[in-house]
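The values are calculated or read from the model by the stated rules, or taken from the named source; none is laboratory data. It should be emphasised that the depicted structure is a prediction, and the values quoted were computed from it without experimental measurement. Cβ: placed from backbone, ideal geometry, glycine included. Neighbour counts: every protein chain shown.
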């Protein structure tokens, strides 16, 4: 899917932006860049420097004279538009673009083009009217000066999100509890309950908890620990700590008994 | 909401990236930028040039020495992480971050920090372990070289998406972090860090933790407690327990000293 997405830059003024756009594309797995009538030399050493390893994209980037030529093999052409236009045109957000992308890809065998305009003035009305849809990246009302490569980055990111969603087997749509593969299995119910039993006994032994006046202490501690879904090693660590405290408590008690027996002597 | 999101850049090498990050932020309505120990001059004329009109953000950007100082007023700290780590940590995608953001904002009155590491090496393990969550921007498997400002752009874009969603009528669809109205405010960063400091000292005092051979003990305990997002009362309870254990440890030590003095008698 991603190899059928074409990024078209029209009338770009700064060679650095071309390189930065290539870099933005490559991080998201896009590879097809087309320049239309750049208002600069096109690809320069500055472009290569800003591409930062994505210059393989620049090597295969054609420079064409017209938007028409750039999108000739595309069945869905979407123009990035900053301004609201005189004549309303179908408009989507980047997220809506991503939602539609897989379906659009299935609907045609050609490519999809995302078209970006000039750094200072965007796309002309005529260019926008060559597009099936417009996409508007929502920006601050008081400052909408999105850098060209940054705009490419946002849409390329949404394209990759769309592609990732098609790659997920249905079973993977239920992520692991912590969003990442964990290093230890979650603690079993029994182990967790044994920990709570141990915790309560220790808290009584050290005089922190009075079962005759429990307030909500154990409930609060249960809630705290259960919320974090402890893994097996974490439960082992916690029980290790309790074991150490138990020893201290016993030693302290033995001393107290010793003291009192001495008192009685 | 957006004014309570803080972008923290650690160890940045290129002044231009700082300016480009400010520009990326401002387009999405973010305004709070903090530099931590930059590995360059910090804000230079190149930064201002790349900020392209977002230099009001640079004017109010403090440069601090530690991550600790930068996130002291934050109740949710999320570190951008490119690599999978030795010790898995709760991880979310930028989209999941956006989904959680409004609820997190309701749950605490402090700020939320999005922390970005060095251009070449990202965040250190120690820095990542100060974070409640990590966020990973999915990139191409063969080329993951996301420019720093581009990474800021993607997350800032998702933050704005999250904010826009709260501006829509049915804004009740953003659950609080625990899916229910909570009885206590979430613990502040300082209180939580003081708890970890106390915990470590106590574990050393009772002989459970040897800082010369730390293994991953404190990292594992940080991960466990940060995952549960402790509330203020829970932190109080935990510190109460530690205080009680401290007293036992002191008594035990005094006894040991007393014992030995008796032995010497």
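In this entry, residue B:158 is excluded by the filter for residues that are modelled with pLDDT under 95, surrounded by 14 or more Cβ atoms within 10 Å (Cβ to Cβ) and either part of a helix (DSSP H, G or I) or within 21 Å of the chain's Cα centre (by Cα) (or both). If the condition is being more than 18 Å from residue A:202 (Cβ to Cβ) and assigned to a helix (DSSP H, G or I), then the stretch A:227-246 contributes A:227, A:232, A:233. Answer yes or no as to whether residue B:230 is within 27 Å of residue B:74 (Cβ to Cβ), at pLDDT below 95 and crowded, with 18+ Cβ neighbours inside 10 Å. Considered against the rule, which asks whether it is within 27 Å of residue B:74 (Cβ to Cβ), at pLDDT below 95 and crowded, with 18+ Cβ neighbours inside 10 Å, residue B:230 comes out as yes.
For every residue, the table says whether it meets (1) at the interface with chain B (Cβ under 7 Å from one of its Cβ atoms); (2) under 26 Å from residue B:134 (Cα atoms); (3) part of a helix (DSSP H, G or I).
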| site | (1), (2), (3) |
| --- | --- |
| A:130 | no, no, no |
| A:142 | no, no, no |
| A:151 | no, yes, yes |
| A:162 | no, yes, yes |
| A:179 | yes, yes, no |
| A:183 | yes, yes, no |
| A:194 | no, no, yes |
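On the stretch given as the stretch B:183-199, residues that are touching a helix residue (DSSP H, G or I) at 6+ places or on another chain (Cβ under 7 Å) and either over 26 Å from residue A:216 (Cα atoms) or surrounded by fewer than 19 Cβ atoms within 10 Å (Cβ to Cβ) (or both) total 5. Scanning the stretch B:202-226 for residues that are in a helix (DSSP H, G or I), out of contact with any helix residue (DSSP H, G or I) (no Cβ under 7 Å at 6 or more places or on another chain) and without any contact (Cβ under 8 Å) to a residue 12 or more places away in the chain gives a single hit, B:204.
Since residue A:244 meets every condition but one in (1) facing chain B (nearest Cβ under 7 Å); (2) surrounded by fewer than 15 Cβ atoms within 10 Å (Cβ to Cβ), which condition does it not meet? Here residue A:244 clears every test but (2). For the subset of the stretch B:30-42 comprising residues that are part of a loop (DSSP other than H, G, I, E, B) and touching a strand residue (DSSP E or B) at 6+ places or on another chain (Cβ under 8 Å), which member is nearest to residue A:145 (Cα to Cα)? Only one residue fits best here, namely B:30.
Restricting attention to the stretch B:1-29, the residues being within 18 Å of the chain's Cα centre (by Cα), modelled with pLDDT of 95 or more and assigned to a loop (DSSP other than H, G, I, E, B) number 2. Note on the stretch B:82-126: residues that are in contact with a helix residue (DSSP H, G or I) (Cβ under 8 Å, 6 or more places away or on another chain) and farther than 23 Å from residue B:230 by Cα total 7.
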